[in-house]
Every structure is written in structure tokens, then in C-alpha cells.
1. Quick one: which of A:223, A:204 is over 27 Å from the mean Cα position of the chain (by Cα) and either within 28 Å of residue A:172 (Cα to Cα) or in a loop (DSSP other than H, G, I, E, B) (or both)?
2. Given the criteria within 16 Å of DNA strand C (Cβ to nearest atom) and either more than 17 Å from the chain's Cα centre (by Cα) or within 9 Å of chain B (Cβ to nearest Cβ) (or both), does residue A:124 qualify?
3. Could you tell me how many of the residues in the range A:255-291 are of a type outside the set (Ser, Thr, Tyr) and within 17 Å of residue A:242 (Cα to Cα)?
4. Taking the range B:312-321 as the region of interest, how many residues are at pLDDT below 95, in contact with a helix residue (DSSP H, G or I) (Cβ under 9 Å, 6 or more places away or on another chain) and more than 14 Å from every other protein chain (Cβ to nearest Cβ)?
5. Looking only at the range A:121-147, which residues are more than 24 Å from residue B:63 (Cα to Cα) and touching a Ser or Thr at 6+ places or on another chain (Cβ under 7 Å)?
6. Residues of the range B:295-327 being aliphatic (A, V, I, L, M) and touching a Leu at 6+ places or on another chain (Cβ under 9 Å), which ones?
7. Looking at this structure, is residue B:287 in contact (Cβ under 8 Å) with a residue 40 or more places away in the chain, in contact with a helix residue (DSSP H, G or I) (Cβ under 7 Å, 6 or more places away or on another chain) and over 30 Å from residue B:143 (Cβ atoms)?
8. Kindly establish whether residue B:260 is within 10 Å of residue A:299 (Cβ to Cβ) and of a type outside the set (Phe, Trp, Tyr).
Number of protein chains: 2
Amino acid sequence: MDQQARTADRGGAGVPGGRRKQRVSMADVAARAGVSAQTVSRVSNGHSAVVESTRQQVLAAMRELGYRPNSAARALRYGQFNTIGVILFGLSSTGNSRTVEAIATHAAAAGYAITLIPVGVPTQDNVLGAFTRMDELAVDGVVVIMEVHLLDAGTVALPPGAHVVVVDSDAGDRYPVVDTDQADGARQAVRHLLDLGHPTVHHVAGPEESYAASRRADAWRSVLSSAGRPIPDLRRGDWSARSGYEAGLALAADPSCTAVFAANDQMALGVLRACHESGRPVPAEVSVVGFDDIPDAASYLPPLTTVHQDFAEVGRRCVQALLAQISDSPAHPGTDLVPTRLITRASTAPYPSGLRRM
Amino acid sequence: MDQQARTADRGGAGVPGGRRKQRVSMADVAARAGVSAQTVSRVSNGHSAVVESTRQQVLAAMRELGYRPNSAARALRYGQFNTIGVILFGLSSTGNSRTVEAIATHAAAAGYAITLIPVGVPTQDNVLGAFTRMDELAVDGVVVIMEVHLLDAGTVALPPGAHVVVVDSDAGDRYPVVDTDQADGARQAVRHLLDLGHPTVHHVAGPEESYAASRRADAWRSVLSSAGRPIPDLRRGDWSARSGYEAGLALAADPSCTAVFAANDQMALGVLRACHESGRPVPAEVSVVGFDDIPDAASYLPPLTTVHQDFAEVGRRCVQALLAQISDSPAHPGTDLVPTRLITRASTAPYPSGLRRM
DNA sequence: CGTGTGGATGTTTACGCAAACATTGGTTGC
DNA sequence: GCAACCAATGTTTGCGTAAACATCCACACG
């Protein structure tokens, strides 16, 4: 009775109608092929020499049984999982999904899977919690994509000894950081507008907590300042087109405003709409530059001049840096900047311009 | 420096200078607390009764040593990983990232991590490969987000016995499917335009391979047909704003075209631009409806009337269905439709209209 | 021919955890 | 007062894998 029950819930009953996915193990393959489990292991990993005939037998057995190595066991044995963890705040935000996709792709190419933990609210506790979870999951390294000032402020200290790469942060003195060259991108944008003859450039910035937003705003300010131009009050949005629209309405109402640098394309879209509705044609009266170069930007009205960000490259470098760390161990703090470039489209024009309407 | 000895014989040899992240195991905690490993396990899982004083001692030891359970060992023991795999084609495509985010969030709430494998080119081999990888990773279930006709065509058969939920596919007869109610959304869009008095509705469809695109196009055709309206030739885009723009140029050149239903918001954006550039104001001369309700749509010129899709809900239901399957086992094929609703904004207007310009 | 040599394969063991079983010591019930 | 019992805790075992070590056998060489 006991015996039976024992066997039963072992193999897979328990649940009504439930055949527990009985995995095929090396032992099964070994039995089938008439060899030892170790030989199966050798074939599976191609390590030691196995005589060809044996090899074929084992392979055949594997095929017939549908054998798949169990990565849990492997991980237990090796202490590593061939998995990279990604902790991020907001997957749907413009660049993040593309960065993650690139990370996943490159990781996959190196035989790593990626495990994702989104953090809803970026508090210290949540980030640390995510890290703990990653630790339990025995990931080999972690990419933290956290645009907010959490890591740089030093409020959150990542577990020492863990392999980690940070994206979009100012923690370059303490962690290896991969980031888009925010400052240079913003400089290009502002200079472009200045070069067109605009006396100064207004800025619709991203939220205060955002590291990228600060960097862009800082660069904007510094270019204006070193060019000896007046620095208008900065308007803040929250990255959304709606917030850009609101800021844009205010800007459009100011006749002295002829050039706007929005900290991302969505907000630029909002500015475009605000200008349009306020009867200030773009680019005839107002020039607008965005940031990100999302695919849609080329189809805005008018097509948006913007700063192209190479998210895929960011992802690639993350994986590269992480893998280097995993195999080489020593992590070198420092910031790896991915260049940006200005894409000139139809939303910017020389100033002063003939008052042609668009 | 007892750590040295440990490190030396434990994992850390091999690599020069490599201190392999020496994990703290139950045995370590047990030793520290002066109890058996099993007791630590009991405390860790809160299963059997442990006397309070012992419990506290163990907890203290855990804290001091920074103990984290090793999920690899756990997975090996239990045969399951508390991980959900997500296989998808194109993370950055509009809805996917939001769906994935919702999946990750809900999965996390249930104590599951998610592992992501993006498939670059959706061929049978790649999908199967991803599945194999998931299998190796010993995930407990898999969500497949694959908008292309791969699964429905039956070309790709998912491994039987695996717990799986499919998003965005027509495989409802063979797998549990969670999907947005594409057909109903499209119907709402087309009816809306018809109700406004337009004699018929043109359609800019998504790519042929896309399941969602087919469903939307079918619904469009069926509404027109049952209303006894002429069915214009359908134009195909590839979801991008650019392709929408190209289709839009052709449409705008046709004076009989007064209403356009674009299969997604991006293409609608392109149509908007095409109409604008062709001097056919929206909505005065042409009404345009999109699909998805991406956040930006509200800021288009003019703000876009579109069909709202609840990606988060799709993600939620995926997890729910998958978890039910994991604990209950029997999977019931069938399609779970998440409702859509039309969001009326400024891109649609009655027809015929006074010829006011926008 | 015996002895070494080395290649092919088998056996043992440990990775960290937890279920099953064993042990201990203190109650309870008759 | 002793058997039956229970609660707290310890011991054994096995999950699937692969490194380390142990065998075995064929072949070469003195």
C-alpha cells in the first residue's frame, strides 16, 4: 500500500490526470544504449574521446528517448546557470525593450538565457529584492537597466562580488556602466539648432529622477552657456507625448521661442502638436529636435529631426562586458559610451526664415 | 581567511584571481546554528514545526551568513523551477513589450521568474529550437507570443505535454490561446466609420504572415460585406509608419476614399501624414482609425481615433492560464478573448461634412 | 612473453536541497 | 507504571550531472 502510493506519486500521479513531465535522464539514455551514464555525459558534452560506434549508439538512444540535458542539475553541479538576469524599471519605455531584445539575442548567441525581473516602483527595497531573487536564481551576471538616480546616488548598493553591468546610470565609478552618450547627443541637437541661427534653444526635459534626462538637460545648458546664449527656463515632462504637448503649449505661446529641444521623441511629438494647434508652424516658425529616433519619428508631421540612439549596441556591449566579467572576473568600473548621431529631417529650419507656411 | 581554503578547493580554482562566488549552503547555516541541515530547510520553508528558539537561532545564522536558497538545487529536487518561459518574435513590437511586462509582473507576484527567448526569424526551426532551450532550462511552462501564422498552420507542433499558452494565434483548437479580440476591435472601427456616414472604408492591413493582421482584415471585409458596401482593394503595410505613409499616399490620391481603417496606430500615423501632405485634411475630408491605442496616438495630428487593446490584461490571463495548467495539469485548448474598445478622438468625422478645413 | 602505456569506459562522489524515515525525550491514558 | 504516542530534531537518500578516480583491454617494446 505504502509502497504503491510511494511509487505512484513519485512517477507522476498525484494530480488527477496528471502525468508529470517525466524527464529522460542520462541514466535512461545510458541504459538504452548499454553504456554508463558517464559515457552519455561525455557524448553530450563532447569532452573526452568516445569511440565512434559507442558515440553513435548513445546519440541514437538520445534521439529515440528525446533526451535533453537538465540545466538544473547542470547548474547545481557547476554553480552557474548560463543565465543572465536583467533587472529593469519599465519594459515598455522606448529604448528598454530594444536594449533587452539585443541583450537577449546576444546572450542567446553565447549560450545564455536571460531572466527578466521588472521593478514596478524603483525603490531601494525593490531593486534589492530583485537582486536577491536573481541571486536565488543563481544567474551568472546581472544587467541593471535603471534610468532613475538610484544607483548613482549610492542609496542602493549592489551586492559586492556579483557580476553586474549597469545601463543608463551615473555609477561609473563603482560599476561598469554601458550607456548611450547622452551628453554628446544633446550637444549635437542644441548645436544644430544654434547653427541654424536660432538665438537660443528651449528645452523640454524628462522627469527629474531620470539620469538620462539630467544628462541631456545638463548638456543643453552647457552648450548654451558656452555659446553665450540666454538659458530659458526648462520645462519638464514625463517622457509622454501628452506632457510634451502641455509644455509645448506654453512654449508656443512665447513668441520668442523659435527652437525647442525635447528630451525624447514622444515629447517632441507633443510639442509638434502644440505648435500646430497654436498656429506656429514647424519648422517655419519653430524648429523642433527630439531624442531617440524611434521608428515613428520619421513619419511625424513634419518628420522629426532627432538624435539617434543605438539601443542594440548598448545591449550588445552589456552582454560583452558581462561575459568578460564572468570569465575574467575582475570588473572594471567605468563608463562605456555608445555614440549617438543627429538625424536631420524636416522639423528644423534656418532662422530667421521667410515666413513661408509649411 | 578561512575563506581562502574554502575558495581554493571549492569552486574558485581554475581562473587566476577568481574568487568564485562561494555560496552559503544550508550546511553552512546548519553548522553555524548548531542544528542539522534539515532543520534549516524546515525553517527556510516553514513546513514542519520547529521550536521557536531553534527557529530564531537558524534565522540568525542565515542572516549572519547571508544565506540564499539555491534554486538550482531546489529545481533539481522538485523537478520544477518556478520559472515561466516566454518565446516571442520581436520584443520591440508595440504590444509585445507591454504583454511581456505584464507577464513578468504577474508571474513575479506568483513567485515565478520569467525567462525570455526572442526568436529573430520565425521559422519552424527557430521556434522549436527556442522550445528545446526552454525545455533544457526546465521551465514550468511557456508562453509563446508569435503573431505569425506558424502555429496555426500546424507547421510547428509544440512539444506535447509541455505546459503552454499561446498569444496572438489561431491555434485555439490545439492550444490554450489568449488573444485580444481582434475581430471585434476591427468591427467596432469599421462600424464607427460606417455610422459616421462614410459609404465604405478602406483598409491598410498588416503583413500577410501576421495572424492579427488577417483577423482584422477579415473583420473589416465582413462588416462591409454584410452592410452591403463595396469592398475596396486592401493595401498592405508592414506595421511601420513608413509603410502606412506609402499606402496612405495611394489612398489620398483616390478622391472616393473618405475613410481609412489602418491595422495599427503606426500605419495610421503614416496615413495621417500622407493625407496631410496630399492636401486631404483629416478628419474634414478623410477619417482615419487606427488599432492598438499606443500612448502616442492621443498626440497625433489630429489625435487618433483608435481601438484600444489591453495588453496588460492579455499578459495577466496568460500567467493565470499557465499557472492553472501547471497546478491542475489538464490544458483546455480554446481561445480566451480580451475585449477591445474604440477610443473616439479627433481623426474621424461625419460624412459628408461641411468642407471646413481642420 | 611480460610489462608498461594509453585510450576507452565504468564507478564513485559531491553539488544543495527536502522528502522519507529514524531517533530522542517527554506526555498521556489506562 | 508502562505502552502508545507525539513533537522536535537528526540521518539517509536521491534528484541529474560531471569531475576525479578506477578498470580494463589492446598494443608496443624490451
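The values are calculated or read from the model by the stated rules, or taken from the named source; none is laboratory data. All of these numbers come straight from a predicted model, not from anything done at the bench. For neighbour counting, all protein chains shown are included, and Cβ atoms are generated from backbone atoms with ideal geometry for every residue, glycine included.
1. Working: A:204 fails: over 27 Å from the mean Cα position of the chain (by Cα).
One residue alone meets the criteria, A:223.
2. Details: within 16 Å of DNA strand C (Cβ to nearest atom): no; either more than 17 Å from the chain's Cα centre (by Cα) or within 9 Å of chain B (Cβ to nearest Cβ) (or both): yes.
In short, no.
3. We begin by selecting, within the range A:255-291, every residue of a type outside the set (Ser, Thr, Tyr); these are A:255, A:257, A:259-277, A:279-286, A:288-291.
Imposing the further condition that a residue be within 17 Å of residue A:242 (Cα to Cα) reduces the set to A:260-277, A:288-291.
Counting residues in the range A:255-291 that are of a type outside the set (Ser, Thr, Tyr) and within 17 Å of residue A:242 (Cα to Cα) gives 22.
4. Within the range B:312-321, residues that are at pLDDT below 95, in contact with a helix residue (DSSP H, G or I) (Cβ under 9 Å, 6 or more places away or on another chain) and more than 14 Å from every other protein chain (Cβ to nearest Cβ) number 1.
5. Narrowing the range A:121-147 to residues more than 24 Å from residue B:63 (Cα to Cα): A:121-122, A:143-147.
Scanning the range A:121-147 gives A:145, A:146, A:147.
6. Let us first name the residues in the range B:295-327 that are aliphatic (A, V, I, L, M), namely B:297-298, B:301, B:304, B:307, B:312, B:314, B:319, B:321-324, B:326.
The answer is B:297, B:298, B:301, B:304, B:307.
7. Numbers: in contact (Cβ under 8 Å) with a residue 40 or more places away in the chain: yes; in contact with a helix residue (DSSP H, G or I) (Cβ under 7 Å, 6 or more places away or on another chain): yes; over 30 Å from residue B:143 (Cβ atoms): yes.
Yes: the conditions hold for residue B:287.
8. Numbers: within 10 Å of residue A:299 (Cβ to Cβ): no; of a type outside the set (Phe, Trp, Tyr): yes.
Against the criterion (within 10 Å of residue A:299 (Cβ to Cβ) and of a type outside the set (Phe, Trp, Tyr)), residue B:260 does not qualify.
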